[in-house]
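Worksheet: one structure, shown below.
Where a number appears in this text, it was derived from the coordinates with a stated rule and is not lab data. Keep in mind it's a predicted model, so treat the numbers as computed, not measured. All Cβ positions, glycine included, derive from the backbone under ideal geometry; neighbour counts span all protein chains shown.
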Amino acid sequence: MNNMKQRTLTEADLRRMVEIRNRLTKEQRSLQLHKFLRNRQAMVGLVIFLIVLFAAIFGPSLCKESPVALNVLNRLKPPSKEHWFGTDTLGRDVYTRVIYGARISMIVGVSVGAISGILGLIIGIYSSYNKYADEILMRICDGLKAIPSILLAITLMTALGADIKNVIISLTVVNTPTMGRLARSAALVVKEQTYIEAMRGIGAKSRRILWRHIAPNIMSPLLVQMTFVFATSIITEAALSFLGAGVPAPQPSWGSILSEGRTVIFTSQWMIIFPGAITAMTVLGLNLFGDGLRDLLDPLSS
Amino acid sequence: MEKNNDLLIVENLTTTFNTERGKLKAVDGVSFNVKNGEILGIVGESGCGKSVTSQSIMRLYDEKKFAEFKGKILFKGESLFDIPLPKMRNYRGEKISMIFQDALSALNPVFTIGEQIREPLWIHHRMKKDAAKERAIELLTLVGIPDPSKRIDQYPHELSGGMRQRVMIAIALACSPELLIADEPTTALDVTIQAQIMDLIVELNKKLNMGVILITHDLAVVAETCNRVVVMYLGQIVEEATVTEIFDNPMHPYTKGLLQSIPRISDEKQERLFMIPGTVPLLSNVPHGCRFAERCKYAEEACRQNNQDLESCGGAGHKVRCWKAIKGIN
Amino acid sequence: MKKEREVIVETTNVKKYFPVAHNQIVKAVDGVSLKLYKGETYGLVGETGCGKSTFGRTLIRLQNPTEGTIKVKGKDISNAPEKELGDLRKQMQMVFQDPFTSLNPRIRIGDMLMEVLKIHGIGNSKSEKMAMAMEIMEKVGLRTEHFYRYPHEFSGGQRQRIGLARALILNPEIIVCDEPVSALDVSIQSQIINLFLDLQDSDDLTYLFIAHDISVVKYISNRIGVMYLGHLVEEATTEDLFSHPLHPYTQALLSAVPEANPHKSDKQRIILKGDLPSPIDPPSGCVFRTRCPYATTLCEDLKPQTLDIGPEEGHRVACHMYAEKHYGTTGAMIEAKGKELAVAK
């Protein structure tokens with residue numbers, strides 16, 4: 001068998017292999033999709049999230065009015081045909097403002113989730129690999145985590161100035177340590193798996209092991225955590241705007257709408273109820289989706 | 001085969017699990033009996049339903065959602081499926097005890113072994129602390145743990161693997177059960193320890209005249225300890241006989257294959273080991289007709305059509321599920 | 001014939017210590033010297049914690065030896081830096097015990113095999129690599145349809161075949177098998193053992209077969225080494241070891257192996273007293289003395305040498321009982337030992 005002639009692949013062979021590959025990929029995908037579709041909670045979460053995302057992207061074409069158009073005569077009107085969610089203290093349409101606010105929330109949520117996820121992955125991978133990097137990175141993370149996150153965010157916002165970019169920066173700083181810790185502990189588990197040892201035995205270099213073999217295997221907890229970070233960033237952004245340290249007025253943000261409604265909570269509840277409910281729904285949707293993702297991403301359970 | 005000599009009778013037991021992929025019959029029409037003071041071996045590969053059988057006897061599955069039982073289990077003439085579930089607790093640990101493969105995870109790390117032995121005594125007999133302690137020391141002596149009065153205050157992690165398995169056995173024996181179910185009790189242990197634990201089980205079986213069901217994949221362990229053997233394949237019993245019969249005169253092709261495919265320490269070396277081709281099919285995909293047919297070298301069309309029932313063949317309670325063996329064709 | 005055989009791996013006094021908490025050291029492997037001849041299967045047996053797996057991992061430099069030398073084909077690789085290990089990796093590969101954790105769950109097995117080739121720069125084009133991967137898959141009894149499957153789609157036996165394919169694709173000469181069949185079912189186990197034997201015949205492989213199942217090791221091995229607490233206590237050809245086990249530990253170990261024959265179950269077992277001592281604080285002198293039925297004060301004071309004294313050549317044992325026979329008297333032995341120490345100094 002040893003001196004069997006080296007077999008070469010013909011065009012036909014290659015084509016057949018490609019065909020097998022495509023068929024299998026399709027099969028595996030449809031299996032996963034099927035599994036996901038069967039997970040009702042995750043589906044509900046995904047649908048809520050997609051609605052909010054859709055609103056955020058196509059907001060301008062969904063609303064007739066401008067979110068900042070003042071109409072003092074029409075101030076604090078309850079929900080009606082023209083104003084679905086009523087109007088606010090300056091006569092602006094709350095529905096329009098909430099839709100535009102969704103854009104802010106989505107931008108903040110996506111950016112913070114993605115950036116802190118990527119940073120966390122890098123931090124986690126390297127600290128699982130190098131003892132010195134581990135010491136340094138983890139002490140920084142510990143330091144950041146020692147400060148209550150909302151306080152840290154407010155401090156950073158005060159230092160950087162109220163701006164959506166700065167909201168993203170400060171929330172990323174707040175969330176990255178958690179991501180890093182999570183990635184590190186996941187990487188430490190994966191590192192001990194026999195297949196990593198097997199790759200070393202084959203002669204793979206560290207970089208290949210870290211990025212091709214460890215990283216994909218810690219992605220699923222990270223992705224799940226990213227959806228949660230997404231959700232908490234929406235809340236934190238709202239809280240910052242509520243406290244006046246977030247997105248500057250008159251740009252609408254869910255938090256600032258709530259903040260403005262605070263003064264008239266006993267007379268014009270719609271200013272609180274609608275943005276509040278939508279914030280809560282979005283966060284709930286993201287959390288449900290995150291939980292569903294966890295099941296979906298586990299290759300062993302399919 | 002007098003009825004009153006039977007400690008446990010399992011009749012046509014079927015255990016079905018409701019899983020994501022629909023209903024899976026993990027055990028399908030299993031019947032056997034355990035006589036007083038006998039060691040019955042249940043042998044098979046993973047997925048054959050041997051552990052499910054034992055856990056069904058203890059009714060350890062969630063019957064509301066997950067598992068469905070059919071058939072009959074008579075323990076000293078009393079039907080275990082007919083008693084209400086809360087009352088089942090009186091049987092577990094008192095009349096029927098179980099020991100598991102992984103002694104480390106089966107012991108609670110935050111309690112001393114003394115406390116863990118006293119627990120079943122308190123649950124079933126409300127035994128007071130001093131009396132229970134005495135009994136615990138007695139039990140540890142029985143299972144051959146040196147210096148029991150000192151060991152009683154130690155935590156599981158302070159003991160070696162073999163010692164932990166002995167403690168597990170001591171806990172299982174605390175209430176003097178009439179039936180001990182040992183589920184792969186030595187699989188995680190080294191050979192020298194395995195030999196000691198198996199010797200201990202045999203010795204206790206004789207001393208206490210208790211029935212033992214030994215579940216294992218290791219035919220050599222069966223040969224050295226059991227009186228009778230049941231061989232399972234894919235949820236069904238394929239052969240039942242006394243140990244000497246099984247080893248001297250195996251009838252089912254699966255049993256034959258298993259016996260031939262293990263390397264034996266006292267045999268002359270053969271060129272190659274015997275191989276049973278293929279793998280055990282999934283429970284979700286049970287073949288029609290004889291379940292072993294697709295791996296069996298004697299299989300014919302008739303085998304794939306009908307599944308033979310377990311039938312007596314030869315003498316001395318030898319039963320086999322293969323029509324060819326029954327007719328003496330092979 | 002034995003004299004002509006090529007020594008392919010030689011270890012001398014290999015030690016592997018691990019630091020643990022409280023500044024203590026676990027002596028996992030404590031001075032193992034052995035030789036592997038080309039084309040043979042060397043079985044390494046011993047109980048949990050005896051250091052056999054650690055020795056296997058140290059041998060292929062998954063771990064660096066604390067002390068001692070490892071020579072592969074005459075070349076000392078015990079301290080070679082990671083970068084120079086490429087050739088060694090091609091010569092020596094490992095097959096792992098657990099078929100479920102030894103494959104990356106997110107990589108298709110064909111891609112995994114091609115990656116191995118890529119790491120070593122074998123094969124020019126993608127299709128050449130693919131052809132090689134498919135060839136090796138066929139060799140271990142997998143079908144080409146399996147190429148794009150993920151590990152979780154396979155059964156335990158098939159995964160072990162994949163593990164074997166991964167080891168074989170570099171065309172190694174030596175394979176360290178760490179309990180390769182102990183996680184498999186009986187009927188699958190015999191398939192894999194036969195596959196190991198077939199591949200050895202066709203590719204002239206040398207196996208270091210580490211296992212705790214003595215029946216399996218007996219079946220597959222030409223020579224067997226017995227380890228206890230980091231030490232190689234006895235080594236002999238398979239026939240010799242089973243017909244004349246010399247070391248008291250080997251005798252106890254072999255007597256404990258259950259036999260699949262109900263007519264032979266009345267054999268006499270040697271029950272060892274006590275537990276395995278901790279490798280952090282191994283006994284002085286002979287490591288086995290705390291459980292040995294024949295232990296004397298000599299065993300406490302002096303570490304036995306490994307001497308070739310079996311009825312047949314190549315039967316090495318580390319026990320004072322036989323050393324006396326070798327040297328004539330205890331006094332002569334101690335004298336010899338003293339001289340040796342003087343020479344060492």
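Within 10 Å of the Cβ of each residue in C:104-112, the mean number of Cβ atoms contributed by other protein chains is 5. A Förster distance of 51 Å, applied to the separation of the beta-carbon atoms of A:ILE57 and C:LYS71, puts the FRET efficiency at 0.15. The shape of chain B comes out prolate: with a ≥ b ≥ c from the C-alpha gyration tensor, a/c is at least 1.5 and a/b beats b/c.
Using a 7 Å offset from Cα along Cα-Cβ at A:LEU284, what residues in segment A:15-53 end up with backbone N under 18 Å from the label point? Once the point is set 7 Å along Cα→Cβ of A:LEU284, A:40-53 turn out to lie under 18 Å by backbone N, inside segment A:15-53. The GNM of chain B, with springs linking C-alpha atoms under 10 angstrom apart, assigns the highest mean-square fluctuation among B:THR255, B:THR141, B:THR186 to B:THR141. Starting from the Cα of C:THR296, step 7 Å toward the Cβ, then list every residue of segment C:221-253 with an amide N under 16 Å from that point. Under cut-off, by backbone N: C:248.
Annotation for B:ASN209 and A:ALA133: the two label points, set 7 Å from Cα along the Cα-Cβ direction, are 7.0 nm apart. Counting only DSSP beta bridges with both residues in chain B, what percent are antiparallel, rounded to the nearest 5? Here the share of antiparallel DSSP bridges comes out near 60 percent. Taking a ≥ b ≥ c as the square roots of the eigenvalues of the Cα gyration tensor, segment B:154-220 is oblate, since a/c reaches 1.5 or more and a/b is not larger than b/c. Taking every DSSP beta bridge that has both ends in the protein assembly as shown, the antiparallel portion is near 60%.
A cysteine counts as unpartnered when no other cysteine's C-beta lies under 4.7 Å of its own; in chain B this applies to B:CYS48, B:CYS175, B:CYS226, B:CYS296, B:CYS313, B:CYS322. Between the DSSP loop rule and a limit of at most 10 other Cβ atoms within 10 Å, which GluC sites (Glu not before Pro) in segment B:122-163 are left? Loop-located and lightly packed - none at all. The alpha carbon centroids of segment C:260-325 and segment B:217-257 are separated by 36 Å. Within the listed set C:LYS139, C:LYS126, C:LYS303, the Gaussian network model of chain C (springs between alpha-carbon atoms below 10 Å) gives the highest mean-square fluctuation for C:LYS126.
For the residues of B:255-264, the average number of beta carbons from a partner chain within 10 Å of their own beta carbon is 5.
Reported to the nearest whole Å, the Cα centre-to-centre distance from segment A:192-254 to segment B:145-205 is 47. Centroid-to-centroid, using Cα positions, segment A:99-127 and segment C:186-200 are 51 Å apart. Modelled spin-label separation between C:LYS325 and B:LEU104, with each label point placed 7 Å from Cα along the Cα-to-Cβ direction: 3.9 nm. Nearest 5 is fine: what % of DSSP beta bridges in chain C come out antiparallel, could you say? Taking every DSSP beta bridge with both residues in chain C, the antiparallel ones total about 60 percent. Pairs from the list B:LYS64/B:LYS87; B:LYS95/C:LYS273; C:LYS16/C:LYS83 with a Cα-Cα gap above 28 Å: B:LYS95/C:LYS273. Comparing C:GLU239, C:GLU173, C:GLU259, which has the greatest mean-square fluctuation in the GNM of chain C with Cα pairs linked when under 10 Å apart? In the Gaussian network model the winner is C:GLU259. For a 4.7 Å threshold on C-beta separation, the list of partnerless cysteines in chain C reads C:CYS50, C:CYS177, C:CYS292, C:CYS319.
The Cα atoms of the protein assembly as shown give a gyration tensor whose axes a ≥ b ≥ c have a/c of 1.5 or more with a/b greater than b/c, which makes the shape prolate.
Scanning chain A for GluC sites (Glu not before Pro) in DSSP loops with at most 16 neighbouring Cβ atoms within 10 Å leaves A:193-302 as the longest stretch between them. Computed from label points 7 Å out along Cα-Cβ, the spacing between B:ARG304 and B:GLU138 is 6.2 nm.
Excluding B:ARG164 itself, what net charge comes from residues whose Cβ is under 12 Å from its Cβ, given Lys and Arg +1 and Asp and Glu -1?
Values: positive: B:ARG151, B:ARG166; negative: B:ASP102, B:GLU158, C:ASP275.
That sum, taken over residues with Cβ under 12 Å, equals -1.
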